[in-house]
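The structure appears right after this line, and notes come after that.
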Amino acid sequence: MAAPRSCGLWRYCCRGWSCSTGDCRLPRLHRSWARATPSARLLSQEKRAAETHFGFETVSEEEKGGKVYQVFESVAKKYDVMNDMMSLGIHRAWKDLLIKKMHPLPGTQLLDVAGGTGDIAFRFLTYVQAQHQRKRRRQLRAQQNLSWEEIAKKYQNEEDPLGGSLVMVCDINREMLKVGKQKALDQGHTAGLAWVLGDAEELPFDDDQFDVYTIAFGIRNVTHIDRALQEAHRVLKPGGRFLCLEFSQVNDPLISRLYDLYSFQVIPVIGEVIAGDWKSYQYLVESIRKFPNQEEFKEMIEDAGFQKVTYESLTTGIVAIHSGFKL
């Protein structure tokens, strides 16, 4: 279903949502957030006292959320630079492939979770704009009898270059969202883009709202992966698609040893030099080793209710893209 036309940059504030330009509507907030009593909301957000992992450290589930928040609050301003340094720029190709696999058409409604700095969102907007432009050119070529003035007028009258597409960037970390919003302004992304502060384990949206759900390098940081997957399934429309880009398990023994050496001996040093933060990048390296392998994560996605679940390992399994559908 197409989004309202001319959707500008949304802002989240203490009183709700506002739109800077255009006649915009936002996907409905989840009823439990809108209508529940304060006590019920507090109860729904309580975390069990069970233990979990924070990298290689054992912590309580409640403690992990705060620790992960501090990590990304600390690295937010250097997050994109560090991604380039740590992956030698390869992360860009991985994200490009994620968008190509999605192959969004004009009118697609995307929810990008843990997408604070906007890398996936901006790629999505660029892709759908190019798709919409190609569609318009095909339509005009099919109307060979139009005069030059009529063709020019059609281009001038086009109000929405995205064909009704909208990407909602949802992140639990305010600092990451702040960086993403500034990047959007710097790169000129002002239409079809919205921002919301929200938890992947309890998304503030109603059921059946989005065509596609993406999460890139974020799901390994949530406390309860199963809950995040269930929420992804809930907010997708029937027929909607789940796409996850995440670090995974290297399938070549020699490359695995070299990768471990680079991860544990080099990446924390780069983090200290570039971002002034050794510990955060030590955690990020350790969190990759604690994340399920390709097959195990595939089973978790299926357990959340998704069907036709597949995955593709990239760069010998350093990362993988998992895909599933809500059918």
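The values are calculated or read from the model by the stated rules, or taken from the named source; none is laboratory data. Since the structure is predicted, the reported quantities are computational estimates derived from the model, not experimental observations. Here the Cβ is made from the backbone with ideal geometry for all residues, glycine too, and neighbour counts use every protein chain on show. Ligands, DNA and RNA are stripped out before the accessible areas are found, and what is left, the full protein with its side chains, is counted by its heavy atoms. Shrake-Rupley method; radii C 1.70, N 1.55, O 1.52, S 1.80 Å.
Couple of notes before you dig in:
- Some residue of the stretch 6-28 being aliphatic (A, V, I, L, M), part of a helix (DSSP H, G or I) and modelled with pLDDT of 55 or more: no
- Looking only at residues of the stretch 95-107 that are open to solvent by 20 Å² or more (accessible area, probe 1.4 Å), under 16 Å from the mean Cα position of the chain (by Cα) and not acidic (Asp, Glu), we find that the one that is farthest from Val319 (Cα to Cα) is His103.
- For the stretch 197-217, the set of residues classified as in a loop (DSSP other than H, G, I, E, B), within 20 Å of Glu62 (Cα to Cα) and acidic (Asp, Glu) consists of Glu201 only.
- Taken together, the residues in the stretch 33-91 that are at pLDDT 75 or above, in a loop (DSSP other than H, G, I, E, B) and open to solvent by 30 Å² or more (accessible area, probe 1.4 Å) amount to 2.
- Selection of the stretch 295-310 for residues being without any contact (Cβ under 8 Å) to a residue 40 or more places away in the chain and either open to solvent by less than 10 Å² (accessible area, probe 1.4 Å) or of a type outside the set (S, T, N, Q) (or both) yields Glu295, Glu296, Lys298, Glu299, Glu302, Lys308, Val309.
- Leading residue by the ranking (modelled with the lowest pLDDT) among those in the stretch 163-196 that are open to solvent by 10 Å² or more (accessible area, probe 1.4 Å), in a loop (DSSP other than H, G, I, E, B) and on the phi < 0 side of the Ramachandran plot: Thr190
- Among the candidates Val273, Val319, residue that is hydrophobic (A, V, I, L, M, F, W, C) and surrounded by 14 or more Cβ atoms within 10 Å (Cβ to Cβ): Val319
- Across the stretch 218-234, the number of residues qualifying as of a type in the set (S, T, N, Q), touching a helix residue (DSSP H, G or I) at 6+ places or on another chain (Cβ under 6 Å) and part of a helix (DSSP H, G or I) comes to 1.
- Residue count for the stretch 235-270, restricted to those that are open to solvent by 40 Å² or more (accessible area, probe 1.4 Å) and either among the β-branched types (Val, Ile, Thr) or part of a helix (DSSP H, G or I) (or both): 12.
- Answer from Trp94, Trp148 - the residue that is over 15 Å from Met168 (Cβ atoms), among the aromatic types (Phe, Trp, Tyr) and at pLDDT 95 or above: Trp94
- Of the set (1) over 14 Å from Ala114 (Cβ atoms); (2) open to solvent by 10 Å² or more (accessible area, probe 1.4 Å), all apply to Asp199 but (1).
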